[in-house]
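Enquirer: This structure is in structure tokens; I'll ask about it shortly.
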Amino acid sequence: MAGSGASSRPWTTADGVAVSPDSGAVRSNSGAVRLNSGAVRLNIGCGMAPTPGWLNYDNSLAVRLAGWPATARLLARLGVLDAGNLEFVEFCRKHGIRHADGVARIPHAPASVDVVYSSHMIEHLDRWEAERFLAECRRVLKPGGTLRIVVPDLRITLRDYIAKGNADIFLDHLQLELDKPHGWRARLRHLLTGGGRNHRWLYDGKSIAGLIERCGFAEVEVVEPGRTRIADPGELDLNERAHESAMVEASRPRQ
């Protein structure tokens, strides 16, 4: 906590923003910096869309490689990483994205987090993993804390298929885990990244809300883009990928 004897050197938030200790920001024992709102807000599986002022986490190999640039360059020379992978490694480094496996453990104490946000991530998990991830979200949230989950909306994709009648476009848009790796480079990439990065389940608003409720959350609601119950969303994009998404908010029960 900021106080007498605290260093006057600026702190840095997870997204690389310098914060003066005199600004009212708070640094926890774990080193996390909370901005003036005092809220601990997590973006899990942020990818290329971290939220300024929040703690941003991702499970990508790129996050680990951000601290090992020489290793990243070696993997690129071997053909395991391409130019896009290297760009993401540098993006993670510049934006201070932290590594976390949300299925295994979100690196926060029980009942210590005000908001958990996750967009277009849970569909990359199988059903068991999705339930484990939601259990972790429930564990770290304070009683009354808010969960906001955004997923690709299967209803929107189906409507598009019915309108266009193109099965190839439909399956491509679903991004299912259909292709096996071929060749040693592809197999090595598959091994290093823990498998493919495509979808393992699909949801609409009703189905993802039902899953969240079964995992012990209360006040589960499908919300319209731009709406939220989060008291201080800061710079969170409440319309992220709204044209293709279902958005659900819920709360950890207070008792």
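Enquirer: Kindly check whether there is at least one residue in region 82-92 that is over 14 Å from the mean Cα position of the chain (by Cα) and part of a loop (DSSP other than H, G, I, E, B). Show your work before the answer.
Expert: At the first step, the residues of region 82-92 found to be over 14 Å from the mean Cα position of the chain (by Cα) are 82-91.
If we keep only those that are part of a loop (DSSP other than H, G, I, E, B) as well, we get 82.
Yes, that holds for at least one residue.
Enquirer: State whether one or more residues within region 154-169 are in contact with an Asp or Glu (Cβ under 7 Å, 6 or more places away or on another chain) and under 16 Å from Y57 (Cα atoms). Break it down into steps so the answer makes sense when it comes.
Expert: Of region 154-169, the ones in contact with an Asp or Glu (Cβ under 7 Å, 6 or more places away or on another chain) are 154-156.
Those still in the list that are under 16 Å from Y57 (Cα atoms) too: none.
There is no residue in region 154-169 that is in contact with an Asp or Glu (Cβ under 7 Å, 6 or more places away or on another chain) and under 16 Å from Y57 (Cα atoms).
Enquirer: Search region 134-177 for residues being among the small types (G, A, S) and touching a residue at least 12 places away in the same chain (Cβ under 8 Å), and hand back the single one that is nearest to T228 (Cα to Cα).
Expert: So, considering only residues that are among the small types (G, A, S) and touching a residue at least 12 places away in the same chain (Cβ under 8 Å), the one nearest to T228 (Cα to Cα) is G145.
Enquirer: Looking for something under 24 Å from V40 (Cα atoms), in contact (Cβ under 8 Å) with a residue 24 or more places away in the chain and of a type in the set (S, T, N, Q) - is there at least one such residue anywhere in region 211-232?
Expert: Checking region 211-232: at least one residue is under 24 Å from V40 (Cα atoms), in contact (Cβ under 8 Å) with a residue 24 or more places away in the chain and of a type in the set (S, T, N, Q).
Enquirer: For region 114-127, does any single residue satisfy the condition of being in a strand (DSSP E or B), of a type in the set (F, W, Y), within 15 Å of the chain's Cα centre (by Cα) and closer than 23 Å to S207 by Cβ?
Expert: First, pick out the residues of region 114-127 that are in a strand (DSSP E or B): 114-119.
So of that shortlist, the ones also of a type in the set (F, W, Y) come out as 117.
Now restrict to residues that are within 15 Å of the chain's Cα centre (by Cα): 117.
Remaining after also requiring closer than 23 Å to S207 by Cβ: 117.
Scanning region 114-127 turns up at least one residue that is in a strand (DSSP E or B), of a type in the set (F, W, Y), within 15 Å of the chain's Cα centre (by Cα) and closer than 23 Å to S207 by Cβ.
Enquirer: Among the residues of region 217-254, write down those that are farther than 17 Å from V115 by Cβ and touching a Lys or Arg at 6+ places or on another chain (Cβ under 8 Å).
Expert: V222, A246
Enquirer: May I pose another question? For region 134-161, what are the residues that are closer than 26 Å to A100 by Cβ and among the basic types (K, R)?
Expert: R138, R139, K142, R148
Enquirer: Of all residues in region 100-110, how many are out of contact with any Asp or Glu (no Cβ under 7 Å at 6 or more places or on another chain) and surrounded by 14 or more Cβ atoms within 10 Å (Cβ to Cβ)? So that I can check it myself, show each step before the final result.
Expert: Keep residues of region 100-110 that are out of contact with any Asp or Glu (no Cβ under 7 Å at 6 or more places or on another chain), which gives 100-101, 104, 107-110.
Narrowing further to those that are surrounded by 14 or more Cβ atoms within 10 Å (Cβ to Cβ): 100-101, 107-108.
So the count comes out to 4.
Enquirer: Which one is nearest to R105 (Cα to Cα), of the residues in region 60-81 that are in contact (Cβ under 8 Å) with a residue 60 or more places away in the chain and either of a type in the set (F, W, Y) or crowded, with 16+ Cβ neighbours inside 10 Å (or both)? Break it down into steps so the answer makes sense when it comes.
Expert: Here is the first cut: in region 60-81, the ones in contact (Cβ under 8 Å) with a residue 60 or more places away in the chain are 60-61, 75, 78-81.
Now narrow it down to the ones that are either of a type in the set (F, W, Y) or crowded, with 16+ Cβ neighbours inside 10 Å (or both): 60-61, 75, 80-81.
Numbers: S60: 15, L61: 17, L75: 28, V80: 28, L81: 27 Å.
Looking at residues that are in contact (Cβ under 8 Å) with a residue 60 or more places away in the chain and either of a type in the set (F, W, Y) or crowded, with 16+ Cβ neighbours inside 10 Å (or both), I get S60.
Enquirer: OK, next. Looking at region 183-194, can you tell me whether even one residue there is at pLDDT below 95, within 18 Å of the chain's Cα centre (by Cα) and not basic (K, R)? First the steps, then the outcome.
Expert: Keep residues of region 183-194 that are at pLDDT below 95, which gives 183-194.
From what is left, the residues that are within 18 Å of the chain's Cα centre (by Cα) are 193-194.
Still in the list and also not basic (K, R): 193-194.
Looking through region 183-194, at least one residue is at pLDDT below 95, within 18 Å of the chain's Cα centre (by Cα) and not basic (K, R).
Enquirer: Given the conditions (1) modelled with pLDDT of 95 or more; (2) in contact with a strand residue (DSSP E or B) (Cβ under 6 Å, 6 or more places away or on another chain), report the number of the one that D237 does not fulfil.
Expert: D237 satisfies every listed condition except (2).
Enquirer: Here are the criteria: (1) at negative phi; (2) in a loop (DSSP other than H, G, I, E, B); (3) at pLDDT 95 or above. Tell me which single one G226 does not satisfy.
Expert: (1)
Enquirer: E131 is checked against (1) without any contact (Cβ under 8 Å) to a residue 40 or more places away in the chain; (2) in contact with a Cys (Cβ under 7 Å, 6 or more places away or on another chain) and fails just one. What number does that condition carry?
Expert: (1)
The values are calculated or read from the model by the stated rules, or taken from the named source; none is laboratory data. Everything numeric here is computed off the predicted structure, so don't read it as measured data. Quick reminder, even Gly has a Cβ in these numbers, built from the backbone with ideal geometry, and neighbours come from all protein chains shown.
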